[in-house]
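FYI, it's all coordinate maths here, none of it is from the lab. Small disclaimer: the values here were computed from a predicted structure and weren't measured. A quick note on method: Cβ atoms are made from the backbone with ideal geometry, for glycine too, and the neighbour counts reach across all protein chains shown.
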Amino acid sequence: MIDRLFQHPLPGSRSGPDPIRKSGRATRPEDRSGSVPAPGSFDAVLQKAFGSREIRFSRHAMDRMDRRNITLNPDEMARLQGAIDRAEKSGMKESLVILDQNALIVSVPNRTVITAMDRSSMRDNLVTHIDSAVLL
């Protein structure tokens, strides 16, 4: 009867095979290549961050747009998207985009509007650290 109770090795005993190792090597989870990343996983976050083509606005740009009453309608957003696409194809990094009565400084690789100016803010102003300008 006691033999039946102790047929299986006790936890922590070294008499049986190690459940973590097989044939002297650590086992690995199965390869998941080609599978869709789980939501919230590092792969999903990475795809969302770098796979996205949408335009983002920095906190500074949002503050400037709010202070200067600058709003962009869907048509203007589409034109801005096209301007960023053209600048990206040309290899530009920081672009000044003149959009009607407004000027936007855009980080092209990040697709992020960094700051915004209206016509009155552009007067007697010097724009630095840009490598291109897109006039719409």
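Points to keep in mind about this one:
- DSSP assigns beta bridges within the stretch 55-135; of those with both partners inside it, close to 65 percent run antiparallel.
- Computed over every Cα-Cα pair of the stretch 55-135 and binned at 10 Å starting from 0, the pair-distance distribution P(r) comes out as 19, 58, 22, 0 percent.
- Summarising the amide proton neighbourhood of Ser132: residues at separation of 5 or more, or on other chains, whose placed amide H is nearer than 5 Å comprise Glu94, Leu96.
- Karplus (6.51, -1.76, 1.60) ³J(HN,Hα), θ = phi - 60°, over the stretch 60-72, in Hz, Gly and Pro reported as x: 4, 5, 4, 5, 5, 5, 5, 4, 9, 6, 9, 10, 10
- Electrostatic tally near Met117: other residues with Cβ closer than 11 Å to its Cβ, Lys and Arg +1, Asp and Glu -1, net +4.
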